[in-house]
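Everything on this sheet refers to the single structure shown next.
The values are calculated or read from the model by the stated rules, or taken from the named source; none is laboratory data. Note that the structure is a prediction, hence the values are computed from the model and not measured. Note that each Cβ is placed from the backbone with ideal geometry, even for glycine, and that neighbours are counted across all protein chains shown.
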Amino acid sequence: VGVSAPAPALPRSVIWHDLECGRYGADLGLWTRLATAAGRGKPARVLDVGAGAGRVALALARAGHSVTALERDPELLGALAQRAEGLPGVEPVLGDARGFALKGPPFDLCVVPMQTVQLFGGSRERGRFLRSAQAHMRPDAVLALAIVTQLDEFDRAAGDATPSPDMVVIDGVRYASRPVRVEVAQRTIEIERERTVPALGVREHDAITLARVDAAGLGREAARAGLRPQRPLAVPATEEHVGSEVVIVRA
Ligand SMILES: C[S@@+](CC[C@H](N)C(=O)[O-])C[C@H]1O[C@@H](n2cnc3c(N)ncnc32)[C@H](O)[C@@H]1O
């Protein structure tokens, strides 16, 4: 008689990532349409940059495409690999997008969802990424990068209203994450969240810094890396999420 093993506990970093990023779905139709077009009637070979725990990579693989998922965080990549078990065509790769060398044929499509390109640093680091991506793309392949350019500022410490928290209950334990501060500076946007797990006595703050870049500026950086800017696309805002511009460039 087979006894199924209990599901392994998720690392805390994966729980927060799933809660804060994993539920977003407004962009999936766009990535799927781009993959279908890039495959020209066949499954596309896609590079998903900053793939996290696999939100986009797994959706594209389920649609029949073959996806290389590049991610620098080993815990997130481990979750992605586990979630891809039994699903053909997903290759998890641990590495830094700001300089990578992958084996295999060139890609038909390279996607950088959810403002990930704004996490790389400044223009020098984006340049390193753009040159690496260009070197891995077949002629005329598309590189698509979602960016956010406008965010409303608020600060809970100053008495401003905040969005309601994202919440999940895992094994009876409630995890909640809520943005408490958005600060837009000349070159950066800082987003701070409060993460709480009351049952475990956890209350911590996490902050990320996005580089400010617009579609025209990113297009110029891509052109310097040998890519050809196209007309940008967009992911509309939802009730819970801001919209993104999607910069499109071709090899
Ligand atoms: C906003 S999340 C997006 C995750 C996933 N693509 C999605 O859309 O759900 C950004 C991801 O990029 C990864 N990342 C950030 N900088 C990176 C870098 N330099 N190289 C590779 N991955 C990076 C982070 O670890 C994180 O998983």
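For a quick check of your reading of the model, give me the residue pairs whose first member lies in the range 193-222 and is touching a residue at least 40 places away in the same chain (Cβ under 8 Å) and aliphatic (A, V, I, L, M), whose second is surrounded by 19 or more Cβ atoms within 10 Å (Cβ to Cβ) and assigned to a helix (DSSP H, G or I), with beta-carbon atoms closer than 6 Å and at least 6 apart or on different chains.
Matching pairs, first to second residue: 210/118; 211/118; 222/130.
If residue 12 satisfies every condition in (1) farther than 20 Å from residue 206 by Cα; (2) more than 13 Å from the ligand (Cβ to nearest atom); (3) charged (D, E, K, R) but one, which is the exception?
The one condition residue 12 does not meet is (1).
Return the total of residues in the range 197-213 being surrounded by 14 or more Cβ atoms within 10 Å (Cβ to Cβ), of a type outside the set (A, V, I, L, M) and part of a loop (DSSP other than H, G, I, E, B).
Selection size over the range 197-213: 1.
A quick yes/no check of all residues on (1) within 13 Å of the ligand (Cβ to nearest atom); (2) surrounded by 13 or more Cβ atoms within 10 Å (Cβ to Cβ):
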{"position": "114", "(1), (2)": "yes, yes"}
{"position": "123", "(1), (2)": "no, yes"}
{"position": "145", "(1), (2)": "yes, yes"}
{"position": "159", "(1), (2)": "no, no"}
{"position": "175", "(1), (2)": "no, yes"}
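Here is a yes/no grid of residues against (1) within 14 Å of the ligand (Cβ to nearest atom); (2) farther than 30 Å from residue 205 by Cβ; (3) in contact (Cβ under 8 Å) with a residue 24 or more places away in the chain:
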| site | (1), (2), (3) |
| --- | --- |
| 19 | yes, no, yes |
| 28 | yes, no, yes |
| 65 | no, yes, yes |
| 83 | yes, no, yes |
| 110 | yes, yes, yes |
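In the range 107-124, how many are touching a Gly at 6+ places or on another chain (Cβ under 7 Å) and either at pLDDT below 95 or in a strand (DSSP E or B) (or both)?
2
With the condition kept exactly as written, say whether any residue in the range 143-156 is within 19 Å of residue 25 (Cα to Cα) and of a type in the set (S, T, N, Q).
No, the range 143-156 has no match at all.
Quick one: how many residues across the range 92-108 are acidic (Asp, Glu) and within 15 Å of the ligand (Cβ to nearest atom)? Reasoning before the result, please.
Filtering the range 92-108 down to residues acidic (Asp, Glu) leaves 96, 108.
Still in the running and within 15 Å of the ligand (Cβ to nearest atom): 96.
Matching residues across the range 92-108 total 1.
Residues 23, 72, 55: which one is within 14 Å of the ligand (Cβ to nearest atom), of a type outside the set (Gly, Ala, Ser) and at pLDDT below 95? Working first, answer last.
Working: 72 fails: at pLDDT below 95; 55 fails: at pLDDT below 95.
From the options 23, 72, 55, the qualifying one is 23.
Can you give me the number of residues within the range 30-52 that are more than 14 Å from the ligand (Cβ to nearest atom) and assigned to a loop (DSSP other than H, G, I, E, B)?
Qualifying residue count for the region: 5.
So which residues in the range 125-141 are surrounded by fewer than 22 Cβ atoms within 10 Å (Cβ to Cβ) and closer than 29 Å to residue 237 by Cβ?
Listed by number, the list holds a single entry, 125.
Mind listing just one residue for me: the one in the range 125-143 that is aliphatic (A, V, I, L, M) and either outside any strand (DSSP E or B) or over 23 Å from residue 37 (Cα atoms) (or both) and, of those, farthest from the ligand (Cβ to nearest atom)? First the steps, then the outcome.
Within the range 125-143, the first condition is being aliphatic (A, V, I, L, M), and the residues that meet it are 130, 133, 135, 137, 141-143.
Now narrow it down to the ones that are either outside any strand (DSSP E or B) or over 23 Å from residue 37 (Cα atoms) (or both): 130, 133, 135.
Working: 130: 13, 133: 12, 135: 16 Å.
Among them, the one singled out is 135.
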